[in-house]
1. Under the definition of Cα pairs under 8 Å and six or more residues apart, what whole-number percent is the relative contact order of region 115-163?
2. So, counting K/R as plus one and D/E as minus one, what does the shell of residues with Cβ under 12 Å around S199 add up to?
3. At 1.4 Å probe size, what's the solvent-accessible area of K153? Round to the nearest 10 Å².
4. Roughly how many nanometres apart are two label points built 7 Å out from the Cα toward the Cβ at L230 and S30?
5. Rounded to the nearest whole Å², what accessible area per residue is found for region 178-227 with the 1.4 Å probe?
6. Hey, could you grab the Kirkwood Rh for region 145-219? Inverse mean 1/r over distinct alpha carbon pairs, Å, one decimal.
7. Computed FRET efficiency, Cβ-Cβ of E95 and L149, R0 22 Å: what is it to the nearest 0.05?
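The values are calculated or read from the model by the stated rules, or taken from the named source; none is laboratory data. Treat the numbers as computed from the prediction; the structure is a model and nothing was measured. Using ideal geometry, Cβ is built from the backbone for each residue, glycine included, and neighbour counts are taken over all protein chains shown. Areas reflect the complete protein model, heavy atoms only, side chains present, ligands, DNA and RNA absent. Shrake-Rupley method; radii C 1.70, N 1.55, O 1.52, S 1.80 Å.
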Amino acid sequence: MFNVVLLTTALILAVLTALVTVGYLLFYRSRVNRRLKEPGENKPSRLWSPQRAALTAVIAALTVFAVIAFLSASHRPAARPDPSPAAYSAAIFPEEERQAGVFSGVSPEENAGYRREEVVLGTVRYTYFISAEGTDTLHPAFFLFAEYLGQGKPSYYDAIVTFSSPQGEEMASTMVSAGEPEKPVVFIAGNAFADCEISCVVEFYETPKEEYNPQVLQEENTPLRFFLPLL
């Protein structure tokens, strides 16, 4: 929008400058011809040369353009900088560390200041909480419990948390592989400092894999997705 206004202004000023220059040239020639035909009846008057008139018109047009550009730029809203990947973080906390740390009072049932949601995807139940009162070092923007509902007790898990803009552009991701859960539950907590969509996949399995492949992990599992608003 800003560039369109400047382009339109430049075109209008260019046309006006050309019209003024041509108009003055015609006026100048008319006055000169009248003096030549009737030298005794025309009082001598000082006229600007066509070159001087054209230069004055160009300078005036450039001045007007500069003023309009300055005013337009001063009223133009500042562009919102893209947050750096460091603005997004997520981590998995083992059960022993969670119980002994700042998340010892966190419950999969209810937590003050957080909105609770629950989704079952395949053999995993995600119970996630989104902050409704702002965040700080003791209160993350979101946290979730991923609980295995399948048969048997898995020995390993893979997890990935991806942060994307509201337009769908991936901004950051956190990956953890080959974890060994003490219980068939994985606890993840994270922060984001801009509106974003969270995508999370936790896969439980019994036999260790040769390598951790986040792309395959996301393709073979249905991710949990939820929107995280900036408070």
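1. Working: 55 pairs, mean separation 15.2, N = 49.
Result for region 115-163 is 31 percent.
2. Numbers: positive: R225; negative: E170, E197.
Cβ neighbours under 12 Å give a net charge of -1.
3. So the heavy atoms of K153 present about 130 Å² to solvent.
4. If labels sit at L230 and S30, their model points lie 6.1 nm apart.
5. Normalised by residue count, the accessible surface of region 178-227 is 55 Å².
6. About 13.4 Å, per the Kirkwood formula over Cα pairs.
7. Values: r = 18 Å, r/R0 = 0.80.
Rounded to the nearest 0.05, the efficiency is 0.80.
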